[in-house]
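Worksheet: one structure, shown below.
The values are calculated or read from the model by the stated rules, or taken from the named source; none is laboratory data. This is a predicted model, so every value here is computed, not measured. Note that each Cβ is placed from the backbone with ideal geometry, even for glycine, and that neighbours are counted across all protein chains shown. In case anyone asks, the SASA skips ligands and DNA or RNA and just uses the protein heavy atoms, side chains included. Shrake-Rupley method; radii C 1.70, N 1.55, O 1.52, S 1.80 Å.
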Amino acid sequence: MNFNLIILSIPLYFLLIGLEVLIDKLNHRSNYRFNDAITNISCGMGEQVTGVFFKLFIVGLYSYLYAQYAFFHIPLTWYSWLILFLSVDFFYYWFHRYSHVINLFWGGHVVHHQSEEYNLSVALRQGWFQKFFSFGFYLPLALVGFSPVQFLTVSSLVTLYQFWIHTRSIGKLGVFEYVFNTPSHHRVHHGVNPKYIDKNHAGTLIIWDRMFGTFQEEEEEPRYGITQPVNTWDPVEANLQHWKGMYRGLQKMKGGKDKLRYLFMPPGWKPAYVTEGGKDFDPVNYKKFDTQVPVSVNYYVLFQYAVTLAGATFFLFSNNLSIPDKLIACGLVIISIVNFSNLFESKNYAVGIETGRIALTLACLVGWYQVRSPLFIGGYVLWLGISGCWLYFLRTRLR
């Protein structure tokens, strides 16, 4: 499907993020850190560009079950839309709940919780592999007879609803909170305070948490993040870190039974004979991960990030690229967002990789489009000139 409500909403996301940043500045609050926000958005960007390939399988399987095995073909009526909305939101609750208490599923979802801030950019921080665990919960809807178009539309709306609840700028909302998920409820969900962990799994309707015993009212201000902090700005490492830890954990298990239990028990579970482990997390005294770089590095990343974001958005809307070209474009986006994290962390090889990235990007653009327009050629030359001069300057600052 080319019609994707999530992608179409990209301008609205950034408009609202900009508005929240402005409100924070006017109120002298510091809910945003530049490196953290960029990493959040990078995780979302990576999820979308890799999803171009991953979703072919997931949407294809749903469509196949609907076409071949659906018991009914449900007509499009106002009440079928309502039933589907309640069903999608219900299955989302159970997927979300299980993704917190099954180690294997947590590997796909943990990325969303890694940020130690809480703002609208966190809503865009999505795990690249989560869809492989979530889609199975919705397959009964294909068998019942809800069409792929109808399902994808409602599923997108449930996802879009959850964007606005990732904010500290909105307090409690009175009677609205009895039925709907709100910023207050979802702040609890992102908290690492012991009483907040694994609470408030709702997507749109908080009634599921109230019904199934996972509701928690917001009391004191939550501390945000996870109990095993990721401590990097690298979006690829953020997506792989839990899987690496699981691999190491599996090596310590004796026998297939414990290995299987390790996959499906809650995160942090280990048999009694495995004694080594990390220190208990202290949410009160924990110091947030942060790195400091010259302000010129932040401005450079902002400039290149805007170019990368524009390119990724064009890629997501493009229907003219072949599969190999799409793979190259996806790779370029991932290389870009990873190297921005290298710059944030002052890696000594970051400027060298950045030089190669710009040359490769320019070569691909010229090769794909073979543009002869003076306007585009001028844009390429201007971007290359600005990037080259800035990189020369950064090379001296990051030594």
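In this structure, Tyr247 does not qualify as among the aromatic types (Phe, Trp, Tyr) and either surrounded by 20 or more Cβ atoms within 10 Å (Cβ to Cβ) or touching a strand residue (DSSP E or B) at 6+ places or on another chain (Cβ under 6 Å) (or both). Taking the numbered list (1) closer than 18 Å to Phe90 by Cα; (2) touching a strand residue (DSSP E or B) at 6+ places or on another chain (Cβ under 6 Å); (3) of a type outside the set (Val, Ile, Thr) in turn, Tyr118 passes all entries but (1). Report the residue count in region 24-60 for those that are open to solvent by 60 Å² or more (accessible area, probe 1.4 Å), among the hydrophobic types (A, V, I, L, M, F, W, C) and modelled with pLDDT under 95. Within region 24-60, residues that are open to solvent by 60 Å² or more (accessible area, probe 1.4 Å), among the hydrophobic types (A, V, I, L, M, F, W, C) and modelled with pLDDT under 95 number 3. Considered as a group, the residues in region 319-336 that are of a type in the set (Gly, Ala, Ser) and loosely packed, with under 15 Cβ neighbours inside 10 Å include one that is modelled with the lowest pLDDT, and that residue is Ser322.
Taking region 198-213 as the range and being in contact (Cβ under 8 Å) with a residue 24 or more places away in the chain, in a loop (DSSP other than H, G, I, E, B) and of a type outside the set (S, T, N, Q) as the test, the residues that pass are Asp198, His201, Ala202, Gly203, Ile206.
Exactly one of (1) part of a helix (DSSP H, G or I); (2) basic (Lys, Arg); (3) open to solvent by 60 Å² or more (accessible area, probe 1.4 Å) is unmet by Lys270. Its number? Status for Lys270: all satisfied but (1). Note on region 163-180: residues that are under 19 Å from the mean Cα position of the chain (by Cα) and open to solvent by less than 20 Å² (accessible area, probe 1.4 Å) total 4. Contact map, region 334-356: residues that are on the phi > 0 side of the Ramachandran plot paired with residues that are open to solvent by 50 Å² or more (accessible area, probe 1.4 Å) and charged (D, E, K, R), Cβ distance under 7 Å, separation 6+ or inter-chain. No pairs are found. For Ser63, are the conditions met, namely being modelled with pLDDT of 95 or more, over 23 Å from the mean Cα position of the chain (by Cα), over 30 Å from Met265 (Cβ atoms) and part of a helix (DSSP H, G or I)? Here the answer is yes, as Ser63 does meet what is asked.
Scan region 10-24 and tell me whether some residue there is out of contact with any strand residue (DSSP E or B) (no Cβ under 7 Å at 6 or more places or on another chain), in contact (Cβ under 8 Å) with a residue 12 or more places away in the chain, more than 14 Å from Leu124 (Cα to Cα) and acidic (Asp, Glu). Yes, region 10-24 contains at least one residue that is out of contact with any strand residue (DSSP E or B) (no Cβ under 7 Å at 6 or more places or on another chain), in contact (Cβ under 8 Å) with a residue 12 or more places away in the chain, more than 14 Å from Leu124 (Cα to Cα) and acidic (Asp, Glu). The set of residues in region 95-133 that are in contact with a Phe, Trp or Tyr (Cβ under 6 Å, 6 or more places away or on another chain), open to solvent by 10 Å² or more (accessible area, probe 1.4 Å), assigned to a helix (DSSP H, G or I) and modelled with pLDDT of 95 or more comprises Tyr98, Phe105, Ala123. Among the residues of region 278-305, the one identified as small (Gly, Ala, Ser) and open to solvent by 60 Å² or more (accessible area, probe 1.4 Å) is Gly278. Determine whether Lys199 is touching a Ser or Thr at 6+ places or on another chain (Cβ under 8 Å) and among the charged types (D, E, K, R). For Lys199, the condition - touching a Ser or Thr at 6+ places or on another chain (Cβ under 8 Å) and among the charged types (D, E, K, R) - is met. Scanning region 202-221 turns up no residue that is under 21 Å from the mean Cα position of the chain (by Cα) and open to solvent by 40 Å² or more (accessible area, probe 1.4 Å).
Can you go through Pro183, Pro229 and tell me which one is within 30 Å of Asp290 (Cα to Cα) and open to solvent by 20 Å² or more (accessible area, probe 1.4 Å)?
Pro229
Do you know which residues across region 179-190 are touching a residue at least 60 places away in the same chain (Cβ under 8 Å) and not in a helix (DSSP H, G or I)?
Hit for region 179-190 is His190, nothing else.
Restricting to region 356-379, what's the tally of residues that are surrounded by 16 or more Cβ atoms within 10 Å (Cβ to Cβ) and either outside any helix (DSSP H, G or I) or modelled with pLDDT of 75 or more (or both)? The total comes to 4.
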